[in-house]
Amino acid sequence: MAEALPFILFGLVFLLLLMGYPVAITLGGVSAIFGVIFLGADFFSLLPLRIMGTMNNFVLLAVPLFVYMGIMLEKSGLAEGMLETMALLFGRFRGGLAISVIIVGAMLAASTGIVGATVITMGLISLPTMLKRGYSPELATGTIASSGTLGQIIPPSVVLVLLGSVLNISVGDLFTAALIPGILLVGCYILFIILMAIFRPSATPAIPNEELEAFRKSSTKEIIKKLFIAFILPFALIVAVLGSIFAGIASPTEAAAVGALGATILTIIAVGQKKDGLKLKLFQDVMEETTKITSMVFLILIGATTFALVFRGLEGHIYLTQWIENSSLSPGSFLLLVMVAVFIAGFFIDFIEIIFIIVPVVEPIFRSFAVAGEGIFSSPALVDVSNGGLIWIGILLALNLQTSFLSPPFGFALFYLKGVAPKEVTTQHLYRGIIPFIIIQIIFLILVIIFPEIVTYLLRIDSL
């Protein structure tokens, strides 16, 4: 019976989450009840130390700073300006508007890392425009939803910050490792749009010549000003944030502070150019939204800390390790099992809950495989790099979570986009449109599993 208790706890928490109970209260409350009944009240003398240890984690300070940075860029209208300017630059090509959406989605991902905010922003700004230009609803919705979830993998990502904290590995190394996969994935999306433009030109029209001519007729000064505010400044901010991390000048938390300050300065510059001017309410809205999201994340973190403490107190990690050893489950089979579980869980619960519930349970197993250099972890690409195996696992988890966000019928990105889509865009359009991008994601995930060098290449260069 004792061996079953931790897994009953895990199953009960998961069931209650599926029934719609609040995540933080469910994680903390159910775990506390189990702990009191089966471990005794004295066991919880350890909990304050665990919670304070988590809250004193300097890396987690990056979460509210990156959230603030992303929301500031969204509320200021810079995201909209980026899309409009990019669309006009690529507009004369078939599929140019879709390519613009992907590039802007990648830039927003590199500045927000918040899937919901990015998908909603892109949906409000670009979906009506794409439909008006004659894009098929399927291609338009698929492009927006997939590019909106790039924030899961392109650094600086809140997902990677939380994964680094839970896996006890360097967030800076995770950011470095995620750069090539993120860029390659964007390239795969753009390649798909180019192929669509070649084989289905009616689905990917160019922007009408009248609009392009109107843009070209603008004075050189106006064009340069638009490019500077809508593209060059946000790009410079992203380079400053990521560059300071990769160059070793700043930690992820310090770089997040640079990003938050930079986003504020960009907002003052961009909004100050508009007729209405800069208003205090903009900063109030940004701070309120940041406080809400940050409070939610840290309340869940406290609940997850309680869950992890009780799960370990019930010796769940020991029983799980013994089960894997007794079942002779290979590292590859265990990895496949975890990937499938995370993929399915992504249909029903948010990435934060997955990271704080599933990852702490499987992390000791992955770490033991990585230390022993068994099976898939014996690859030179993983052995030559410090913690290479766990960093690789972190990137796989991030890619997997991104894929589950897109997958019908419960993909969160599809729900976000449907909520802001025009009435003529049906759920069937969303489901049909996202399928090619899911196939791209799955193929890419398999390639990263087969070729871990995609993840570890930059880490190996840094270690030389």
- Note on the structure: The lone condition Arg92 fails out of (1) under 20 Å from Leu195 (Cβ atoms); (2) of a type outside the set (Ser, Thr, Tyr); (3) at pLDDT 80 or above is (3)
- Message: For the condition closer than 17 Å to Leu61 by Cα and aromatic (Phe, Trp, Tyr), what is the one hit in Phe298, Phe246, Phe311, Phe231?
- Response: Phe298
- Message: I'd like to check something: does region 349-358 contain any residue that is of a type in the set (D, E, K, R), within 24 Å of the chain's Cα centre (by Cα), modelled with pLDDT under 75 and farther than 30 Å from Ser136 by Cα?
- Response: yes
- Query: Taking into account only those residues within region 122-149 that are at pLDDT below 85 and aliphatic (A, V, I, L, M), which is nearest to the chain's Cα centre (by Cα)?
  - Reply: Met122
- Note on the structure: From the option list Gly419, Gly433, single residue qualifying as within 18 Å of Ser126 (Cβ to Cβ), touching a Gly at 6+ places or on another chain (Cβ under 9 Å) and at pLDDT 80 or above is Gly433
- Inter-residue pairs, beta-carbon under 6 Å, first surrounded by fewer than 20 Cβ atoms within 10 Å (Cβ to Cβ) and in region 334-347, second part of a helix (DSSP H, G or I) and not aliphatic (A, V, I, L, M), 6+ apart: Met339/Asn400; Phe343/Asn400; Phe343/Ser404
- Task: Mind listing just one residue for me: the one in region 292-309 that is among the polar types (S, T, N, Q) and under 21 Å from the mean Cα position of the chain (by Cα) and, of those, surrounded by the fewest Cβ atoms within 10 Å (Cβ to Cβ)?
- Result: Ser295
- Please state which one of Leu337, Leu314 is hydrophobic (A, V, I, L, M, F, W, C) and closer than 19 Å to Ala370 by Cα. Leu337
- Note on the structure: If you go through Met82, Met72, the only one that is at pLDDT below 80 and part of a helix (DSSP H, G or I) is Met82
- Could you please let me know if Phe215 is over 20 Å from Leu162 (Cα atoms) and modelled with pLDDT of 70 or more? no
- Got a number for residues in region 229-247 being more than 16 Å from Phe175 (Cβ to Cβ) and either charged (D, E, K, R) or modelled with pLDDT of 75 or more (or both)? 5
- Task: Consider Ile180 carefully, then state whether it is within 24 Å of Tyr416 (Cα to Cα), out of contact with any strand residue (DSSP E or B) (no Cβ under 7 Å at 6 or more places or on another chain) and either touching a residue at least 24 places away in the same chain (Cβ under 8 Å) or crowded, with 21+ Cβ neighbours inside 10 Å (or both).
- Result: no
- Query: Would region 132-154 turn up any residue that is in contact with a Lys or Arg (Cβ under 6 Å, 6 or more places away or on another chain) and in a helix (DSSP H, G or I)?
  - Reply: yes
- Message: Which pairs turn up if I take residues in region 240-266 that are free of Cβ contacts under 8 Å to residues at least 40 places away in the same chain and look for partners that are assigned to a loop (DSSP other than H, G, I, E, B) with beta carbon separation below 6 Å, at least 6 apart in sequence or on another chain?
- Response: Ser244/Ala250
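The values are calculated or read from the model by the stated rules, or taken from the named source; none is laboratory data. What you see is a predicted model; the values in this text were computed from it and never measured. Positions of Cβ are backbone-derived with ideal geometry, glycine not excepted, and every protein chain shown enters the neighbour counts.
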